[in-house]
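Novice: Before anything else, here's the structure in question.
The values are calculated or read from the model by the stated rules, or taken from the named source; none is laboratory data. Please read these numbers as outputs of a predicted model, since none were measured by experiment. Cβ coordinates were reconstructed from backbone atoms using ideal geometry, including for glycine residues, and neighbour counts include every protein chain displayed. We work out accessible area using only protein heavy atoms, side chains counted, and drop any ligands, DNA or RNA first. Shrake-Rupley method; radii C 1.70, N 1.55, O 1.52, S 1.80 Å.
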Amino acid sequence: SVWLGLILNGVDGKQARRTNSSTPLGELFDHGLDSWACIFFVATVYSIFGRGESGVGVVTLYYILWVVLFSFILSHWEKYNTGILFLPWGYDISQVTISLVYLVTSVVGVEKWYQPVLWHLLYRDLFTFMIIACSFTVTLPMSLYNVLKAHRSNTLKHSSLYEAFLPFLSPFLLFIVSTAWVVFSPSNILEQQPRIFYLMVGTAFANVTCKLIVCQMSNTRCQPLSWLLLPMAAVVLFAVTGIVASETQLLYLWTAAVILAHIHYGVSVVRAHTLRPSEFPFIQRKRHCVRRREEVYAGV
């Protein structure tokens, strides 16, 4: 299913542009769903390694998830500043790698990953190194280079440093708030409910990312603070101070609220685009942007 999803994710945009059916709403859902899927890609792969002696600690996986989320939002931060969406090959490479891991596991079993790949180096260490190295040696340098190139050619859309880095404010605050819950949790909530916690963080991040995608496509200013962070800060405060008796129940309730809020946002965007298309703030992409995206997809 992951391999099929990778193929469809790679051809849907090309097919839409060739049939002249490409819309900003389609782009929003394409990349918006990709941002939500990051949590499932990370969690399912590391579920193969387990949590035992040769497995991955839940705290380590939490920070790995944030590395992946940070790498994802970098591309949309680029477009917010340059007007052109440069898509790195890291995402495609990761999907191919995930598919190969699933295929090998189906043949040799999960026990294969518990054995050292070289001396005392485990497969979990190799995957962790690959994710971090790809993020900070490929994705991040290319994003900074593309923004710097736009600055040198005077095509940068935001001249001030504050406006340029404004899209990072809400994700940074989300990281601080969620990490505070992990560090100061009275019942060590991440050990108790790791998958639900990852789902909550990933969904909140996807909501922030979708709003950035809307801003970049509509040429509007990114909002400094996502409203979702305010109730989340209160929830974390209740959890770490022990005001709420059951921290697990609080996590379940808040995760459900975040998911419903994210779905409501998506439905609201579709309704607004359907009922008031002329008033909807999306703008059509320019031809040179479309051609550039085709070149980037093709690896030019």
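Novice: Out of the residues in segment 227-257 meeting the condition of being touching a Pro at 6+ places or on another chain (Cβ under 9 Å) and of a type in the set (A, V, I, L, M, F, W, C), tell me which one is least open to solvent (accessible area, probe 1.4 Å). Explain how you work it out, then say what you get.
Specialist: Keep residues of segment 227-257 that are touching a Pro at 6+ places or on another chain (Cβ under 9 Å), which gives 239-242, 247, 254, 257.
Next cut, of a type in the set (A, V, I, L, M, F, W, C) only: 239-240, 254, 257.
Working: ALA239: 5, VAL240: 47, TRP254: 24, ALA257: 43 Å².
Here the answer is ALA239.
Novice: Only one of (1) loosely packed, with under 12 Cβ neighbours inside 10 Å; (2) modelled with pLDDT of 80 or more fails for PHE175. Which number is that?
Specialist: (1)
Novice: Could you run through segment 216-252 and say how many residues are over 30 Å from LYS157 (Cα atoms), among the hydroxyl-bearing types (Ser, Thr, Tyr) and under 23 Å from the mean Cα position of the chain (by Cα)? Talk me through it step by step, then tell me what you get.
Specialist: Of all residues in segment 216-252, those over 30 Å from LYS157 (Cα atoms) come to 231-252.
Subsequent filtering for residues that are among the hydroxyl-bearing types (Ser, Thr, Tyr) retains 241, 246, 248, 252.
If we keep only those that are under 23 Å from the mean Cα position of the chain (by Cα) too, we end up with 252.
The total comes to 1.
Yes/no matrix, rows are residues, columns are (1) surrounded by 14 or more Cβ atoms within 10 Å (Cβ to Cβ); (2) over 26 Å from HIS262 (Cα atoms); (3) modelled with pLDDT under 80; (4) among the charged types (D, E, K, R):
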| position | (1), (2), (3), (4) |
| --- | --- |
| LEU4 | no, no, yes, no |
| LEU25 | yes, no, yes, no |
| SER47 | yes, no, yes, no |
| GLY50 | yes, yes, yes, no |
| SER54 | yes, yes, yes, no |
| TYR62 | yes, no, no, no |
| TRP77 | yes, no, no, no |
| SER99 | yes, yes, yes, no |
| SER106 | no, yes, no, no |
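Novice: While we're looking at this one, here's another question. Conditions first: (1) farther than 21 Å from CYS215 by Cα; (2) open to solvent by 20 Å² or more (accessible area, probe 1.4 Å); (3) in contact (Cβ under 8 Å) with a residue 12 or more places away in the chain. PHE70 passes all but one, so which condition is the exception?
Specialist: Of (1) farther than 21 Å from CYS215 by Cα; (2) open to solvent by 20 Å² or more (accessible area, probe 1.4 Å); (3) in contact (Cβ under 8 Å) with a residue 12 or more places away in the chain, only one is false for PHE70: (1).
Novice: Here is a list: ILE98, ILE64. Which entry is under 15 Å from ILE48 (Cβ atoms), touching a Leu at 6+ places or on another chain (Cβ under 9 Å) and of a type in the set (A, V, I, L, M, F, W, C)? Step through it out loud before you land on a result.
Specialist: Details: ILE64 fails: touching a Leu at 6+ places or on another chain (Cβ under 9 Å).
The match here is ILE98.
Novice: Further question on the same structure: Are any residues in segment 135-165 part of a helix (DSSP H, G or I), open to solvent by less than 60 Å² (accessible area, probe 1.4 Å) and out of contact with any Phe, Trp or Tyr (no Cβ under 9 Å at 6 or more places or on another chain), and if so, which ones?
Specialist: From segment 135-165, those part of a helix (DSSP H, G or I) are 135-152, 161-165; that's our starting set.
Next cut, open to solvent by less than 60 Å² (accessible area, probe 1.4 Å) only: 135, 139-141, 143, 146-147, 150, 163-164.
Passing the criteria: PRO141, ALA150, GLU163.
Here is a yes/no grid of residues against (1) in a helix (DSSP H, G or I); (2) in contact (Cβ under 8 Å) with a residue 40 or more places away in the chain; (3) under 25 Å from GLY242 (Cα atoms); (4) of a type outside the set (S, T, N, Q):
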{"site": "TRP181", "(1), (2), (3), (4)": "yes, yes, yes, yes"}
{"site": "GLU191", "(1), (2), (3), (4)": "yes, yes, yes, yes"}
{"site": "THR203", "(1), (2), (3), (4)": "yes, yes, yes, no"}
{"site": "THR209", "(1), (2), (3), (4)": "yes, yes, no, no"}
{"site": "VAL214", "(1), (2), (3), (4)": "yes, yes, no, yes"}
{"site": "CYS222", "(1), (2), (3), (4)": "no, yes, no, yes"}
